[in-house]
Amino acid sequence: MNANSARLKLVTKLRISLLLIVLQLPMKGGDNMKNNILSTLFVGIDVSSKTNVLCALDFQGNKLLNLKALNNQPGAESILKSILDCLNSNNLKYAVIALESTSIYSIHVANFLSSHEDLIPFEPKVYCLNPKTIVNYRKSFVDMDKTDPLDAYIIADFARCGRISSSPWRGSQFLALQRLTRHRLHLVECITREKTYMVSNIYLKFSELAVLDKDNKPFSNNYGATSAAVLTEFLSLDDITYSSIENLVEFVKEKGKNRFNNPQVTAQLLQKAARDSYRLDKVLYEPLNIAIASSFNLIKTFQSEVKTIDKAIEKTIKGINTTEYLSLRSIPGIGPVLASGILAEIGSINAFQSHNALAKYAGLTWRVNQSGDYNSDDTNMTKTGNKYLRYYLIEAANSVKNNSAEYKQYYNKKFDEVTTHQHKRALALTSRKLVRLIFSLLTKNQIYSSNKVGETQ
């Protein structure tokens, strides 16, 4: 017997002993729950782009199955057949299947196993786990080698020991909505990144426009239509400086579509900014114009694609659960984008036993920093959950606090409690408060009211 095998058997025996003790305790569901655990096959799959390595354990920790298959449709079908044969030959009634969330490579096999009609009688629960949790769990196996079969074993044992806290795979409908909402977020990030990138080019061509304070800026938005026209249609700053104020006023009116309250003042501020800006060698203006125009074209394209995705999201959300969507939309400050993003990441609220479980899934929990009589006020958010859900919840909290007196008051209270990281901390705690509200509304099929929570019509 090699060292790895000996260690595995020792660790397994210890865990079985602990689990058997747990099983003697009063449990929700009583004997049925105990029987379910004892009748469950725990499957761990180590996923890569080309292959899937599988290990299956019973409750006692006995290895019932080891195999390697290609990460494609025929490979998934062979995995399914092996799991079914193992369940039937060992008289097991339930299947828990766990795999690491490995980029996009785990999606196909997770979706296949969670929805296949042959596996449905065994009530399969498929979990895509945060790789970080598996890395931390591996540390309990001292000096264990790292191989794909051992990785699969550790994932299966993680499931067997009841360590999974995330929600099961939610099916194709939520996946469809999720791909749209995540793509929308990707496009928004592309817009932000492009705007950040072009700041240096804007500064080189028109230094004052990039650095002026709010009161002295001709335009409130350097990326708006009028600003874009100034930066791309005037070859050099001298063209603005030596232009007549009348021509500049007409230019501002035309490009701004008469939306400026005082185009005369805007034109004067523009001319002054051009006059006070650094001058460049003439050879630089044309390349800068080309680069800036290219950035504006990219931003315009991204914005157009965002509108297209918004229409697709609206169409998709109607086919999932309009009641849950209306529940979220009833919260002041949560619009279609935030509501769709939150629902796409949560999936079915029934997968979460409490608002604490939902918060943990989103990574909106905090580590305790305590030793003796010392308790630190500066604790870190875990951030081990779903980063997309966490993003949407924080964005939603920021919007809700601006539209709800209750949440504004709560935010201000948390803001004033500390002297460091005030906004960041207050917004995170407001997000946690929002999680409690969202969980309550979704579980009760209710809409938000400032006075009370009323049932959805």
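The values are calculated or read from the model by the stated rules, or taken from the named source; none is laboratory data. No experiment lies behind these values; they were computed from the predicted model shown. Cβ sites come from the backbone with ideal geometry, for glycine too, and all protein chains shown count toward neighbours.
Among the residues of the range 15-23, is any modelled with pLDDT of 55 or more and either part of a helix (DSSP H, G or I) or farther than 16 Å from residue 163 by Cα (or both)?
yes
Give the number of residues within the range 339-354 that are in contact (Cβ under 8 Å) with a residue 40 or more places away in the chain and assigned to a loop (DSSP other than H, G, I, E, B).
Of the residues in the range 339-354, 4 are in contact (Cβ under 8 Å) with a residue 40 or more places away in the chain and assigned to a loop (DSSP other than H, G, I, E, B).
Could you run through the range 155-209 and say how many residues are among the acidic types (Asp, Glu), surrounded by fewer than 18 Cβ atoms within 10 Å (Cβ to Cβ) and farther than 21 Å from residue 300 by Cα?
Total satisfying the criteria: 0.
Filter the range 393-437 down to the residues that are assigned to a helix (DSSP H, G or I) and of a type in the set (Val, Ile, Thr), then identify the one that is farthest from residue 340 (Cα to Cα).
Filtering first and then ranking leaves 430.
Might you let me know whether the range 386-394 holds any residue that is at pLDDT below 90, surrounded by 14 or more Cβ atoms within 10 Å (Cβ to Cβ) and over 20 Å from residue 178 (Cα atoms)?
Checking the range 386-394: not a single residue is at pLDDT below 90, surrounded by 14 or more Cβ atoms within 10 Å (Cβ to Cβ) and over 20 Å from residue 178 (Cα atoms).
In the set 316, 301, which member is at pLDDT below 95, surrounded by 13 or more Cβ atoms within 10 Å (Cβ to Cβ) and part of a helix (DSSP H, G or I)?
Going through 316, 301 in turn, just one is at pLDDT below 95, surrounded by 13 or more Cβ atoms within 10 Å (Cβ to Cβ) and part of a helix (DSSP H, G or I): 316.
Might you let me know whether the range 151-167 holds any residue that is assigned to a helix (DSSP H, G or I), at pLDDT below 90 and out of contact with any strand residue (DSSP E or B) (no Cβ under 6 Å at 6 or more places or on another chain)?
no
Are any residues in the range 116-154 within 13 Å of residue 95 (Cβ to Cβ) and in contact (Cβ under 8 Å) with a residue 12 or more places away in the chain, and if so, which ones?
116, 118, 119, 122, 123, 124, 125, 126, 127
Looking at the range 309-338, I want the residues that are assigned by TED's automatic domain parsing to the domain that holds residue 183 and have a partner that is among the acidic types (Asp, Glu) and surrounded by fewer than 16 Cβ atoms within 10 Å (Cβ to Cβ) with Cβ atoms under 8 Å, at least 6 apart or on another chain. Which pairs are those?
Sorted first by the residue in the range 309-338, then by its partner, the list stays empty.
Filter the range 259-285 down to the residues that are loosely packed, with under 15 Cβ neighbours inside 10 Å and within 17 Å of residue 228 (Cβ to Cβ) and list them by number.
Selection gives 259 alone.
Would it be correct to say that residue 379 is outside any helix (DSSP H, G or I), among the hydroxyl-bearing types (Ser, Thr, Tyr), at pLDDT below 90 and out of contact with any Gly (no Cβ under 8 Å at 6 or more places or on another chain)?
Yes: the conditions hold for residue 379.
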